[in-house]
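> Just dropping this structure here.
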Amino acid sequence: MPRRWAGTPRRGKRVRHACTAKKYEASRPELGRDGYQDVDYVLTTRELAKLIRYVGLDLSVLPESEFDSPLGTGSGAGAIFGATGGVMEAALRTAYELYTGKTLPRLEFDAVRGDINAIKEATIDLDGTPLKVAVANGLKNAEELIRRVERGEADYIFIEIMACPGGCIGGGGQPIGTNNAVRDARIQALYEIDRSLPLRKSHENPEIKTIYEEFFGAPCPSAPTSCSTPTTMPAKSGTIFPT
């Protein structure tokens, strides 16, 4: 996206720092244009730590500086993406305010937080309009949720699924030694980051506003249910959970 927005397809290298699954994702043909991939390299958390040690970088003595723009300004909603239920909660903060035109009295959606081992279901009140949602993490829970939908036992409007237990904070590229206590501590750390930031809603991030105004256009032209990402992924039915 930064390349296409700037109009310079090969200006510099684009590196993503995330989980092991991002390595495959970055190579997908849907995530490239004009012969170039949107992302050149993907470093996991552990790989980044090894690289920092390898070059002898001492973070404690680095001078303070601003992040690059665009996408240098983050929000609390973005911070909690790494926790199961975090993408859902971030989206609900925006969906509520854009749909109702009102300010959320409380930003935390406790119904999509909590037990990382359980499937979470909730009905969110959008000022009189019910929005049925579900959150699952781990492939066992993901399969169970998918089967419920296939059997017609669920009529959710919005489903969040994260493959890794606890979400991205429990991913394969994270520091080794992960258990439920560690996962919960990481999740709580993300919630604390969220609470500490001046911006806590994605739609109030000035850089995100600029990107939509100048590049993507309106994110939700008619209603929250019409929101979509700019990339279309092909169906992979039967690949993950063969029938």
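Rundown of residues vs (1) open to solvent by 30 Å² or more (accessible area, probe 1.4 Å); (2) free of Cβ contacts under 8 Å to residues at least 24 places away in the same chain, yes/no style:
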site: Leu107; (1), (2): no, no
site: Asn117; (1), (2): yes, no
site: Ala134; (1), (2): no, no
site: Asn137; (1), (2): no, no
site: Val149; (1), (2): yes, yes
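> Can you tell me which residue among Asp194, Asp155 is crowded, with 16+ Cβ neighbours inside 10 Å and acidic (Asp, Glu)?
After ruling out the rest, the residue left standing is Asp194.
> Related question: Going by what's in this entry, would Ala90 be described as open to solvent by less than 20 Å² (accessible area, probe 1.4 Å), aliphatic (A, V, I, L, M), under 26 Å from Lys22 (Cα atoms) and assigned to a helix (DSSP H, G or I)?
Judged against the criteria, Ala90 is a match.
> Only residues that are over 23 Å from Glu192 (Cα atoms) and basic (Lys, Arg): list them for region 96-136, please.
Selection gives Lys102, Lys132.
> Kindly check whether there is at least one residue in region 53-69 that is surrounded by 15 or more Cβ atoms within 10 Å (Cβ to Cβ) and touching a residue at least 40 places away in the same chain (Cβ under 8 Å). Break it down stepwise before answering.
Initially, region 53-69 is screened for residues surrounded by 15 or more Cβ atoms within 10 Å (Cβ to Cβ), giving none.
The answer is no; no qualifying residue exists.
> Could you say which residue among Ala134, Ala189, Ala181 is within 17 Å of the chain's Cα centre (by Cα) and part of a helix (DSSP H, G or I)?
None of the others qualify; the one that does is Ala189.
> (1) surrounded by fewer than 14 Cβ atoms within 10 Å (Cβ to Cβ); (2) under 18 Å from Gly82 (Cα atoms); (3) touching a residue at least 24 places away in the same chain (Cβ under 8 Å): which one isn't true of Asp127, the others all being true?
Just one mismatch for Asp127, condition (2).
> Continuing with this model, one more query. Report, by residue number, each residue of region 70-87 that is assigned to a helix (DSSP H, G or I) and either open to solvent by 40 Å² or more (accessible area, probe 1.4 Å) or within 18 Å of Gly171 (Cβ to Cβ) (or both).
Passing the criteria: Gly78, Ala79, Ile80, Phe81, Gly82, Gly86, Val87.
The values are calculated or read from the model by the stated rules, or taken from the named source; none is laboratory data. The shown structure was predicted, so the numbers you read here are calculated from the model rather than taken from an experiment. Using ideal geometry, Cβ is built from the backbone for each residue, glycine included, and neighbour counts are taken over all protein chains shown. These accessible areas exclude ligands, DNA and RNA; they are computed on the full protein's heavy atoms, side chains included. Shrake-Rupley method; radii C 1.70, N 1.55, O 1.52, S 1.80 Å.
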